[in-house]
1. Of SER53, SER45, SER120, which is the most mobile in a GNM of the chain whose springs link Cα atoms less than 10 angstrom apart?
2. Taking the Cα of GLU151, stepping 7 Å toward and past its beta carbon, and measuring to each backbone N in region 78-115: which are under 14 Å?
3. Between SER7 and ASP310, what is the FRET efficiency for a Förster distance of 41 Å, r being their Cβ-Cβ separation, to the nearest 0.05?
4. For the residue pair TYR125 and GLU19, what label-to-label distance in nm results when each label sits 7 Å from Cα along the Cα-to-beta-carbon direction?
5. Per-residue HN-Hα couplings for region 206-220, Karplus 6.51 cos²θ - 1.76 cosθ + 1.60 at θ = phi - 60°, whole Hz, x for Gly and Pro?
6. On each of the three principal axes of the Cα atoms of region 191-249, give max minus min coordinate, whole Å, ordered largest first.
7. Expressed as a whole percentage, what fraction of the accessible surface of the chain belongs to carbon and sulfur atoms when a 1.4 Å probe is rolled over the protein heavy atoms?
8. Under a cut-off of 30 Å between alpha-carbon atoms, report the lysines in cross-link reach of LYS275, not counting same-chain residues fewer than 8 places apart.
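The values are calculated or read from the model by the stated rules, or taken from the named source; none is laboratory data. As the structure is a computational prediction, the values presented were derived from the model and not from experiment. Please note: Cβ atoms are built from the backbone with ideal geometry, for glycine as well, and neighbour counts cover all protein chains shown. These accessible areas exclude ligands, DNA and RNA; they are computed on the full protein's heavy atoms, side chains included. Shrake-Rupley method; radii C 1.70, N 1.55, O 1.52, S 1.80 Å.
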Amino acid sequence: MKSPLLSLPGAVAAEGADEGVAAHYGDLFREQRALADGTGFVDLSHRGVVTVSGADRLSWLHLLLTQHVSELPVGQATEALILSAHGHIEHALYLVDDGETVWAHVEPGTQEALLAYLESMKFFYRVEVADRTADFAVVHLPAGSIAEVPEGVVVRETAYGRDLFLPRADLESYAEKAGPPAGLLAFEALRVEQHRPRLGFETDHRTIPHELGWIGTAVHLQKGCYRGQETVARVQNLGKPPRRLVFLHLDGSEVHLPAHGTDVRLAADGPDGRKIGFVTTSVRHHELGPIALALVKRNVPVDAPLLAGDTAAAQEVVVEP
């Protein structure tokens, strides 16, 4: 779904998973600084929007999600995962309940599969699920923003800012009032700085929550059964995950950033050495320079210099080995 904000001056369209919104509006670092200072907004209208309504919505979702949501307070934001039977991450949901309906935004293009799964699990519960992507656009206001939120708009407020579920028809008029726009590249740069994983970027077909630090934030360890819980409990109580998320400071003299999926190796082994992981997201940050997240084998020494493709990289621990 192509955003009307791509017609704003300087807008350059994003590609790949974020197609449909702007990657930037002509000045990446200015846009990053604005977000870091709590001004402007980010058009996330390409993300899927899913709602769950009905008297049983919270108790029903509690059975399906990794998060404890059966008594989720009205207006309190949370995030949750849906796992496979083997504990691998299939969906990531960013939730808030408005007292009558649970609103969630999800990765672009994943809402249809999510809806199909939710529909298959309804049984006798008093719930209705709906794809509201065509009607509502997600807009992000950074932490510290004083931008006005229109009356009646559902808001999901976190430490990183506020996500607005804005009627799609109001997107252009709201953009005129919300301050300078910032593109996805600026938003992603701050996400990487904050070590926040993203489905489809930091995950692959075998990722489990422990590898990305999603235990606690998206996975509640004291709730009842859900699909994949056995794997979560076994790794938490008896073992360690096979991989761990790391934050990389990349060599700033390189012109090109290593792409998603670029092999990571020990620097001591050289560019032809054994693969120990892969780059998940790489960005240029307005203060830190080129940085990245990567998923590496758990036993990689935490102080070992690395190579991301041909680019030298120093690692910081995100998930403890």
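1. The residue that fluctuates most here is SER120.
2. Once the point is set 7 Å along Cα→Cβ of GLU151, nothing inside region 78-115 turns out to lie under 14 Å by backbone N.
3. Computed FRET efficiency for SER7 and ASP310: 0.60.
4. So the label points at TYR125 and GLU19 sit 3.3 nm apart.
5. 10, 6, 10, x, 4, 5, 10, x, 8, 6, x, 7, 10, 10, 9
6. 37, 19, 19
7. 52
8. The qualifying lysines are LYS240, LYS297.
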